[in-house]
Amino acid sequence: MKLSVAVIAGLLAAQALGARAQAPPVSPDPDARARATQARLADGERTELTHSAIALPIHGLKPPPGAPYGAGYVPGIARLGVPALTETDASLGVAYVLGLRKDGATALPSGIAMGSTWDPALVHEGGALIASEAHAKGFDVLLAGGVNLVRDPRGGRDFEYFSEDPLLTGVLGGAAVAGVQSRHVISTVKHFALNATETGRHFHDAVIGEAALRMSDLLAFQIAIEQGRPGAVMCAYNRVNGASACGSDYLLNRVLKHDWAYPGFVMSDWGATDGTADALAGLDQQSGQQLDKAVWFGADLQVAARRDPAYRARLADMDRRILRSIYAVSVDADPPKLAPVDPAVGAALARRLADEGIVLLRNRGDALPLASTAKRIAVIGGHADAGVLSGGGSSQVEAQGGPAVSVPTTGEGLAAALSAQNYQGSSPLKAIEARAPGADVRYRDGRYITDAVIAAKEADVAIVFATQWSREGFDLPDLSLPDGQDALIAAIAAANPRTIVVLETGGPVLMPWLEKTAAVMEAWYPGARGGEAIADVLFGDADPSGRLPVTFPASVDQLPRPALPGAQTIEPDVTGRGRPGDHLTIDYKIEGADVGYRWFAREQRTPLFPFGYGLSYTTFQRTDLSVSAGASPSATFTISNTGRRSGVDVAQVYLVRTPDGPTRRLVGFARVTLPPGEAKHLSVAIDPRLLAQWTPAGWRLAAGPYQFALDSNAEKEDAQALATMRERIW
Ligand code: BGC
């Protein structure tokens, strides 16, 4: 088969565009089993497991017989009972692969929506659900667990990630992975590391100091790996401090495998392997081999292993690591079994996740919840009559039958499928009508401001749906709502003082109209039952319990990099591979480990909405904070519901001062549901790494006083508790 690398790279990378969770079960002694099987591999079998092929019928590619359509396929070794690895994307549900799969799957809300739940137990259920569906569709590997930190609110994949904070991201990512693997499906965590933006993603160099890296992005991975024990880690496309992430001896050999003693395998991102030598840097499996210049980890690696003891030792280790994950997750004992999937089960969970992830940002004069007695309601814009927006790229999931609305943007054929803005078939309009049966509910698509304003004027309440689409492979040029939606919202808010804005965005947006509105709700990309979830919160059937997992800046000037790196120099393209001569360095030394709210605290900048922020329909009091010192510090406190409705609080404990001076770090959190008038005394463990600094000798806790604050967001800094720590290095 003759494949044009350029065509395949273009089209297949286009396809690509296109509280502690319970630990997953580990089968007895996977290491011993892996050693035994590896010892029985014949010479020709040693590179069977070390590379995967794209399993899609596009551009001359033929999926291997028996391989379900998905991102990758590794044939097993039947003689030794080693199952094939059947790989699919992932974090938000079993991927749609540009509509090539027709069977549909449950689309969970976006990663950032799950991040807003601050609810590891529910995110664990989400992982388990996706894995159950994957298992029933023939897959045993999910390319899930996106735990990159949101470093730039314009990042095209921010919607896939959980948050800007290492603890929140690590705990939720670990929970998702543990959920996946509880169903005997291997999960990755990805993209290791610092793949924070998409511009020039195949070549940009993310530059940062070691201490800052260890205390931020790497800490998120470390916590997710400890809690989720993923069978695989997917290394990223980009470079980190000069070395390609998939050929980085520092990241793979030193940090991941040596310092963290990670026992699983490292797979490359699709088309991110540069040569056989990446094996020596710690890469164990080449993914999407048709995207690379050669199948480096096939015959080439075999030849190298025959010749060179270093490669021979590595190849044995690579096989052992892949086998170990297969055994540890019991993939061989419970292989995928084709079975029908009940969409109602998935839909119910998608709705719960969306309910918990919706963040109420503004509620002037208790405009919400809406009374079901509202008489005239205008619903405007955002295709709210048909569905809710989803993000684009390899994570795209669709229900059977495909998107409810698909708005083309550019391209033809597969590229067009990749560039379409897809809406899940869950209509907010219908859900609102169902809640307000007696009301006159009118819909306007919002294309013409005049028409929308007439409808808004005639209504008691105007609900405007505003969307901002983002997708893998491209960053957003700024934080505005596109297509004139800001003007539409401003005009509606001027026409009707009871204007409620529902945002369906991938991440933070600016809100020039904010003060004119009665209420604003961030629904993110809310998934398969997003319309119903939005109505649940609008009408008060669910307390708005999401809290922002990212800071909403008041302007791009407040960011560490006001101009998006590469926006001026790199021509956006579907592959992200760039043109000859393209290069881009992104300087993360500016903020270092002070990502998101920590940057805002350090620079004393006031955001539009802080990290952790979100309103409830009731009120809470947070008291009695006390922090114990010692090797396993913990915080205890009391949360009381002081309002008149049942509601959910997300209590957040921040470190605000160390012996070195002021700081801001989330060190613990707890999501708690309380009936009115009730209180709960809670305790959360504090990971000492969150109090420490990374030094060349390891983590170092300086001796002296540490001050803590208990609050509902990252903005407040009044210390309420003090603990005196002893010096410790580990
Ligand atoms: C993405 C990965 C994805 C892979 C396979 C890549 O382009 O970066 O997140 O898992 O494609 O679809």
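Quick one: count up the residues across region 120-140 that are surrounded by fewer than 24 Cβ atoms within 10 Å (Cβ to Cβ) and of a type in the set (D, E).
Count: 1.
State whether one or more residues within region 160-182 are crowded, with 24+ Cβ neighbours inside 10 Å, touching a Ser or Thr at 6+ places or on another chain (Cβ under 6 Å) and under 16 Å from G527 (Cβ atoms).
yes
For residues in region 367-385 being surrounded by fewer than 20 Cβ atoms within 10 Å (Cβ to Cβ) and modelled with pLDDT of 95 or more, which is nearest to the ligand (Cβ to nearest atom)?
D385
What number of residues in region 550-563 are in a loop (DSSP other than H, G, I, E, B) and crowded, with 21+ Cβ neighbours inside 10 Å?
4
Determine whether V180 is at pLDDT 95 or above and within 14 Å of the ligand (Cβ to nearest atom).
So V180 passes the test.
Would you pick out the residues in region 183-198 that are within 14 Å of the ligand (Cβ to nearest atom), in contact with an Asp or Glu (Cβ under 7 Å, 6 or more places away or on another chain) and among the hydrophobic types (A, V, I, L, M, F, W, C)?
I186, A193, L194, A196
Could you please give the count of residues in region 428-440 that are in a strand (DSSP E or B) and over 13 Å from T373 (Cβ atoms)?
Number satisfying all stated conditions: 0.
State which residue pairs qualify: first residue in a loop (DSSP other than H, G, I, E, B) and inside region 169-185, second residue of a type in the set (F, W, Y) in any location, beta carbons under 8 Å apart, and separation of 6 or more residues or different chains.
These pairs meet every condition: V185/F139.
Taking region 251-289 on its own, how many of its residues are of a type in the set (D, E), assigned to a loop (DSSP other than H, G, I, E, B) and surrounded by 24 or more Cβ atoms within 10 Å (Cβ to Cβ)?
Here the count works out to 2.
Could you pull out the residue among R689, R700, R644 that is within 21 Å of E210 (Cβ to Cβ), of a type in the set (K, R) and surrounded by fewer than 19 Cβ atoms within 10 Å (Cβ to Cβ)?
Just a single option satisfies the conditions, and that option is R700.
Of everything in region 534-551, what is of a type in the set (G, A, S) and closer than 24 Å to T169 by Cβ? Give them in sequence order.
The answer is S545, G546.
Starting from region 448-464, take each residue that is loosely packed, with under 14 Cβ neighbours inside 10 Å and list its partners that are in a helix (DSSP H, G or I) and not aromatic (F, W, Y), counting only C-beta distances under 7 angstrom and pairs at least six apart or across chains.
As it stands, the answer is K457/A495, since those pairs meet every condition given.
In region 240-254, which residue that is away from the ligand (no atom under 15 Å from the Cβ) and within 22 Å of the chain's Cα centre (by Cα) is nearest to Y588 (Cα to Cα)?
V240
Under 26 Å from the mean Cα position of the chain (by Cα) and crowded, with 24+ Cβ neighbours inside 10 Å, is that true of S325?
It is true that S325 is under 26 Å from the mean Cα position of the chain (by Cα) and crowded, with 24+ Cβ neighbours inside 10 Å.
So which of Y237, Y161 ends up being touching a His at 6+ places or on another chain (Cβ under 7 Å) and within 13 Å of the ligand (Cβ to nearest atom)?
Matching residue, one of Y237, Y161: Y237.
Which members of region 366-417 meet the condition of being over 21 Å from D355 (Cα atoms) and of a type in the set (D, E, K, R)?
K375, R376, E412
Of the residues in region 615-655, how many are assigned to a loop (DSSP other than H, G, I, E, B) and on the phi > 0 side of the Ramachandran plot?
1
What number goes with the only condition from (1) within 21 Å of I130 (Cβ to Cβ); (2) in a helix (DSSP H, G or I); (3) hydrophobic (A, V, I, L, M, F, W, C) that V189 does not pass?
The one condition V189 does not meet is (2).
Would you mention how many residues in region 199-234 are assigned to a loop (DSSP other than H, G, I, E, B), more than 16 Å from the ligand (Cβ to nearest atom) and within 21 Å of the chain's Cα centre (by Cα)?
2
Please count how many residues of region 360-413 are among the hydroxyl-bearing types (S, T, Y) and within 14 Å of L98 (Cβ to Cβ).
4
Are there strands (runs of 3 or more DSSP E) fully within region 24-105 with at least 1 residues that are more than 13 Å from V141 (Cβ to Cβ)? List them.
Per the criteria, 53-55.
Of all residues in region 176-197, how many are of a type in the set (G, A, S) and under 12 Å from the mean Cα position of the chain (by Cα)?
Residues that pass the stated criteria total 2.
Would you check if there is a residue in region 141-152 being within 16 Å of the ligand (Cβ to nearest atom) and surrounded by fewer than 24 Cβ atoms within 10 Å (Cβ to Cβ)?
Within region 141-152 (the criterion being within 16 Å of the ligand (Cβ to nearest atom) and surrounded by fewer than 24 Cβ atoms within 10 Å (Cβ to Cβ)), the answer is no, since none of the residues qualifies.
Of the numbered conditions (1) surrounded by 18 or more Cβ atoms within 10 Å (Cβ to Cβ); (2) within 27 Å of P109 (Cα to Cα); (3) not charged (D, E, K, R), V345 satisfies every one except a single condition; which is it?
All conditions are met except number (1).
Within the bounds of region 308-319, is there any residue that is part of a loop (DSSP other than H, G, I, E, B) and either more than 16 Å from the ligand (Cβ to nearest atom) or crowded, with 24+ Cβ neighbours inside 10 Å (or both)?
For region 308-319, residues part of a loop (DSSP other than H, G, I, E, B) and either more than 16 Å from the ligand (Cβ to nearest atom) or crowded, with 24+ Cβ neighbours inside 10 Å (or both): present.
The values are calculated or read from the model by the stated rules, or taken from the named source; none is laboratory data. For clarity, every value in this text was computed on a predicted model and none was experimentally measured. For neighbour counting, all protein chains shown are included, and Cβ atoms are generated from backbone atoms with ideal geometry for every residue, glycine included.
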